[in-house]
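As structure tokens, the structure follows; a few thoughts come after it.
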Amino acid sequence: MTALVRIRHLTRVFDVSKPWLNRVIERLPKALLTAVSDVTFDIPERQVYALVGESGSGKSTIGKMVVGLLPPSDGDVEIEGVNLASEADKARVAETRSHIQMIFQDPYASLNPRWRVRDIVAEPVAAQGGETNGLAERLLEQVGLSAADAGKYPHEFSGGQRQRICIARALASEPRLIVCDEPTSALDVSVQAQVLNLMSDLQEKLGLTYLFITHDLAVVQHMADRIGVLYLGRLVEEAAAEELFARPRHPYTQMLFDAAPRMDAFGREVDPPKGEIPDPINPPTGCAFHPRCPIAVDRCLEERPELRAVGPARVACHLADA
Amino acid sequence: MADRVQGISSRLREGTAHKPAAPDGGTDKPVLSLRDLVVEIPTRYGVLRPVDGVSYDISAGEILGVVGESGAGKSMAGNAVIGLLDPPARIASGQVRLNGESIESLPRSEMRRLRGKQIGMVFQDPLTSLNPLLPIGEQLAETIQEHLPVTRREARARALAGLEEVGIPGAADRLDSYPHEFSGGMRQRVVIALALCAEPCMLIADEPTTALDVSVQAQIIALLKRLCRERGMAVMLVTHDMGVIAEAADRVAVMYAGRLAEIGPVADVLTAPRHPYTYGLMGSTPLAARGQRRLNQIPGAMPRLGHMPEGCAFHPRCPKAAPACSQSVPQPVVMGDGHLAACHFPMTVEPQEAAQ
Ligand SMILES: Nc1ncnc2c1ncn2[C@@H]1O[C@H](COP(=O)(O)OP(=O)(O)OP(=O)(O)O)[C@@H](O)[C@H]1O
Ligand SMILES: Nc1ncnc2c1ncn2[C@@H]1O[C@H](COP(=O)(O)OP(=O)(O)OP(=O)(O)O)[C@@H](O)[C@H]1O
Ligand code: SF4
Ligand code: SF4
Ligand SMILES: [Mg+2]
Ligand SMILES: [Mg+2]
């Protein structure tokens with residue numbers, strides 16, 4: 001299986017210091033937040049790669065770096081063999097970029113309320129100076145809306161319909177990769193089912209590859225071929241979806257699976273996980289999960305576990321074994 | 001067809017005959033009891049009814065989960081109970097009884113006293129319930145003194161006990177901290193402490209964990225379950241997360257377009273739903289489609305307020321719809337022990353089939 005996307009040592013640091021003057025007066029040091037740290041994985045062509053993890057784990061930051069909305073501090077994103085940061089041939093970079101689109105969580109915020117749906121949907125093509133005649137109408141029908149909707153404004157649509165409009169817009173430039181950042185998190189389950197089905201159908205029909213970002217494990221289990229689990233900006237486990245659900249090897253993955261509420265677990269008394277995600281500006285030493293890890297040993301406080309092959313998975317834990 | 005119609009009318013009779021008593025199988029002396037609650041919003045285009053004839057009971061020590069699509073009227077019903085409807089929305093008819101006493105038409109000042117003292121509230125965004133300018137110890141002590149005849153010192157002591165009860169680590173040192181100094185999960189714990197500090201008999205929690213991570217959500221849900229049990233509180237838990245409902249609720253009420261579609265013991269409703277909407281809702285979850293490439297979906301969308309179809313509001317989307325469905329509004333009919341569904345042609349699924 002060829003990789004459409006190769007991500008190598010991807011890192012992003014944000015400067016979250018107070019303004020310079022405050023720092024001088026209050027004698028504060030510079031504050032750096034490492035949102036994504038040394039993340040390496042491949043997204044195979046025509047597959048769904050899911051990134052999961054709790055709030056602040058770096059999912060969206062990775063997504064934005066993949067589509068080029070945010071420059072990496074370090075590391076590389078290579079798409080169709082083109083390194084977007086270092087490739088000298090600008091035409092090739094532009095060509096590759098046009099093969100990547102992004103869908104966001106909030107279908108309300110990501111649609112310009114003053115534009116007609118026709119112009120919103122055709123925008124990615126119009127921006128490239130391409131032919132847009134009848135394009136929006138065709139795409140709207142492809143996502144289950146009607147051609148007549150092209151003349152309407154976003155406020156005339158429900159949440160699920162607006163997400164369809166976002167998908168239609170993402171399809172306009174005939175992308176090969178779509179980064180979907182929590183595409184159904186704002187939607188009800190019944191609407192979510194409609195949107196996820198649409199995404200699966202389109203993937204099959206158009207041969208799309210998805211980088212699917214979500215914290216909903218039930219959705220991940222349904223959609224993903226491969227899964228990467230993030231904790232505080234690092235990949236802590238990666239495996240094929242079936243493998244991961246059958247045998248989560250990292251204590252954090254196990255904790256996530258245990259804590260997720262289950263529709264078939266009536267009155268289940270969970271022993272809830274300890275603690276919360278630590279402050280990313282001052283992450284714990286060694287393994288960042290150690291303050292919450294039920295099996296931590298002394299070594300975990302000092303030495304950070306590298307992501308290494310464990311059976312068919314990759315796991316960053318000193319104690320993981322196949 | 002003829003015998004089907006016969007079937008409807010006999011069920012309808014059964015439904016109406018059953019109604020005045022405890023319509024949802026709650027105990028004789030519920031803490032909260034809604035009867036035919038109607039909330040209306042007068043607008044230029046006519047009167048909207050976000051809540052349209054809802055009846056249910058919640059008993060002491062019981063968690064009633066309230067689910068339904070966005071806009072189904074879940075929050076409106078909860079806000080009506082605590083007298084927090086934003087004008088021009090108002091209770092147009094029906095009753096809200098707290099420990100047997102009608103509270104739906106209490107004057108504002110009385111209602112304010114009742115809130116906090118007898119009914120605690122927790123919302124999705126903890127910051128809406130907290131004053132950003134006051135240390136949390138102050139806020140708790142103030143609320144306690146407002147509702148209970150205690151001294152300042154005792155109020156402080158109770159505030160501390162409250163924070164300890166909801167699991168704030170190092171509570172004694174955190175009394176003087178401000179809301180922004182806490183994480184989202186800890187803030188929600190503070191709000192729960194605040195909601196419970198005057199020892200109310202009823203708690204309304206509207207999407208209390210929707211903004212939280214799964215690990216913190218699990219902590220908060222475990223906390224709510226424990227407090228409900230230990231204090232014998234009646235809890236209304238509004239959420240759209242079926243997993244949370246399954247794990248936390250004793251009974252569940254499913255709302256659709258302002259009306260109660262189905263209510264009953266949580267395992268019965270989730271595994272053997274009788275209302276086609278509940279059936280479709282359960283079926284559209286990823287769990288129900290395990291091993292299938294596509295999820296099952298309900299066609300269409302919930303009608304907008306002001307565009308409600310005649311008869312059963314679900315009929316344009318319902319696979320079982322028949323002419324009778326667009327003619328009359330189905331009334332709740334007993335399906336089993338404490339299990340009611342408002343449908344002319346309820347599902348006859350075998351138990352288990354739906355959720356597998
Ligand atoms: N522009 C920014 N400036 C400073 N810090 C940022 C910025 N963007 C993200 N961060 C921080 O980087 C970390 C990772 O954020 P990111 O949005 O990628 O997380 P996420 O996994 O998508 O979380 P969520 O589930 O909440 O969307 C967080 O600690 C966040 O506060
Ligand atoms: N001031 C208002 N004017 C007109 N309609 C309103 C007003 N406030 C609320 N509504 C409508 O009332 C209906 C019920 O809203 P409610 O907030 O109770 O829904 P909900 O079930 O809690 O949904 P959610 O899951 O999104 O919180 C919705 O259709 C909403 O749009
Ligand atoms: S390395 Fe240690 S602390 Fe980290 S997950 Fe493994 S056992 Fe736990
Ligand atoms: S009353 Fe008719 S339309 Fe409504 S849910 Fe029942 S069968 Fe469907
Ligand atoms: Mg994000
Ligand atoms: Mg609501």
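The values are calculated or read from the model by the stated rules, or taken from the named source; none is laboratory data. All values derive from a computational prediction rather than experimental measurement. Cβ atoms come from the backbone with ideal geometry, glycine included; neighbour counts cover every protein chain shown. SASA here: full protein model, heavy atoms, side chains in, ligands and nucleic acids out. Shrake-Rupley method; radii C 1.70, N 1.55, O 1.52, S 1.80 Å.
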Go through B:Arg189, B:Arg174 for me and flag whichever is away from every other protein chain (no Cβ under 14 Å), on the phi < 0 side of the Ramachandran plot and more than 16 Å from ligand 6 (Cβ to nearest atom). B:Arg174
I need a count of the residues in segment B:205-237 that are within 16 Å of ligand 6 (Cβ to nearest atom), surrounded by fewer than 24 Cβ atoms within 10 Å (Cβ to Cβ) and away from chain A (no Cβ under 13 Å). 1
Does segment A:179-188 include one or more residues that are more than 10 Å from chain B (Cβ to nearest Cβ), surrounded by fewer than 23 Cβ atoms within 10 Å (Cβ to Cβ) and more than 16 Å from ligand 2 (Cβ to nearest atom)? yes
Could you look through segment A:8-64, keep only residues that are outside any strand (DSSP E or B) and acidic (Asp, Glu), and pick out the one that is modelled with the highest pLDDT? A:Glu45
Test: residue in segment A:107-119 that is part of a loop (DSSP other than H, G, I, E, B), open to solvent by 60 Å² or more (accessible area, probe 1.4 Å), away from ligand 3 (no atom under 16 Å from the Cβ) and at positive phi: no
How many residues are at the interface with another protein chain (Cβ under 10 Å from one of its Cβ atoms), over 25 Å from A:Phe157 (Cβ atoms) and buried (at least 22 other Cβ atoms within 10 Å of the Cβ) when one looks only at segment B:264-285? 2
The residue that is surrounded by the fewest Cβ atoms within 10 Å (Cβ to Cβ), considering only those in segment A:248-264 that are away from chain B (no Cβ under 13 Å) and touching a residue at least 24 places away in the same chain (Cβ under 8 Å), is A:Arg249
Regarding A:Cys180, is this residue closer than 16 Å to A:Met102 by Cα, touching a residue at least 12 places away in the same chain (Cβ under 8 Å) and assigned to a helix (DSSP H, G or I)? no
Being touching a Leu at 6+ places or on another chain (Cβ under 9 Å), closer than 27 Å to B:Gly283 by Cβ and not β-branched (Val, Ile, Thr) narrows it down to one residue among A:Ala296, A:Ala260; which is it? A:Ala260
Could you list, in sequence order, the residues of segment B:191-204 that are open to solvent by less than 30 Å² (accessible area, probe 1.4 Å), farther than 17 Å from B:Glu62 by Cβ and assigned to a loop (DSSP other than H, G, I, E, B)? B:Cys197, B:Ala198
If you check B:Ile91 against the conditions, is it touching a helix residue (DSSP H, G or I) at 6+ places or on another chain (Cβ under 8 Å), buried (at least 16 other Cβ atoms within 10 Å of the Cβ) and within 14 Å of another protein chain (Cβ to nearest Cβ)? no
Taking segment B:49-79 only, how many residues are within 16 Å of ligand 6 (Cβ to nearest atom), assigned to a loop (DSSP other than H, G, I, E, B) and within 13 Å of chain A (Cβ to nearest Cβ)? 5
Please go through segment B:291-328 and pick out each residue that is within 16 Å of ligand 2 (Cβ to nearest atom), at the interface with chain A (Cβ under 10 Å from one of its Cβ atoms) and either more than 17 Å from A:Gly160 (Cβ to Cβ) or assigned to a helix (DSSP H, G or I) (or both). none
Answer yes or no as to whether B:Ala288 is open to solvent by 30 Å² or more (accessible area, probe 1.4 Å) and either facing another protein chain (nearest Cβ under 10 Å) or assigned to a strand (DSSP E or B) (or both). no
Could you tell me which numbered condition A:Glu237 fails, if it satisfies all but one of (1) open to solvent by 20 Å² or more (accessible area, probe 1.4 Å); (2) within 16 Å of ligand 1 (Cβ to nearest atom); (3) more than 30 Å from B:Leu281 (Cα to Cα)? (1)
What single numbered condition from (1) within 16 Å of ligand 6 (Cβ to nearest atom); (2) touching a His at 6+ places or on another chain (Cβ under 8 Å); (3) touching a residue at least 24 places away in the same chain (Cβ under 8 Å) fails to hold for A:Leu187? (2)
In segment A:48-75, residues that are of a type outside the set (A, V, I, L, M, F, W, C) and either within 27 Å of A:Asp258 (Cβ to Cβ) or within 16 Å of ligand 3 (Cβ to nearest atom) (or both) total 11
Going through segment B:243-258 one residue at a time, which ones are at the interface with chain A (Cβ under 10 Å from one of its Cβ atoms), surrounded by 24 or more Cβ atoms within 10 Å (Cβ to Cβ) and touching a strand residue (DSSP E or B) at 6+ places or on another chain (Cβ under 7 Å)? B:Ile245, B:Ala248, B:Ala249
Somewhere in segment B:170-178, is a residue surrounded by 23 or more Cβ atoms within 10 Å (Cβ to Cβ), of a type in the set (Gly, Ala, Ser) and either under 16 Å from B:Leu227 (Cβ atoms) or without any contact (Cβ under 8 Å) to a residue 60 or more places away in the chain (or both)? no
Against the conditions (1) within 16 Å of ligand 4 (Cβ to nearest atom); (2) crowded, with 20+ Cβ neighbours inside 10 Å, where does B:Ala301 fall short? Just the number, please. (2)
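Residue-wise test of (1) open to solvent by less than 10 Å² (accessible area, probe 1.4 Å); (2) away from ligand 5 (no atom under 16 Å from the Cβ); (3) among the polar types (S, T, N, Q); (4) free of Cβ contacts under 8 Å to residues at least 40 places away in the same chain.
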| site | (1), (2), (3), (4) |
| --- | --- |
| A:Leu230 | yes, no, no, no |
| A:Gly233 | yes, no, no, no |
| A:Phe266 | no, yes, no, yes |
| A:Glu269 | no, yes, no, yes |
| A:Pro273 | no, yes, no, yes |
| A:Ile277 | no, no, no, no |
| A:Pro294 | no, yes, no, no |
| A:Gly311 | no, yes, no, no |
| A:Cys317 | no, yes, no, no |
Among the residues of segment B:159-169, how many are open to solvent by 20 Å² or more (accessible area, probe 1.4 Å) and either within 14 Å of chain A (Cβ to nearest Cβ) or among the hydroxyl-bearing types (Ser, Thr, Tyr) (or both)? 2
Scan segment A:245-290 for residues that are within 10 Å of ligand 3 (Cβ to nearest atom) and under 20 Å from B:Arg290 (Cβ atoms) and report the count. 1
Quick one: would you say A:His290 is more than 11 Å from chain B (Cβ to nearest Cβ) and without any contact (Cβ under 8 Å) to a residue 12 or more places away in the chain? yes
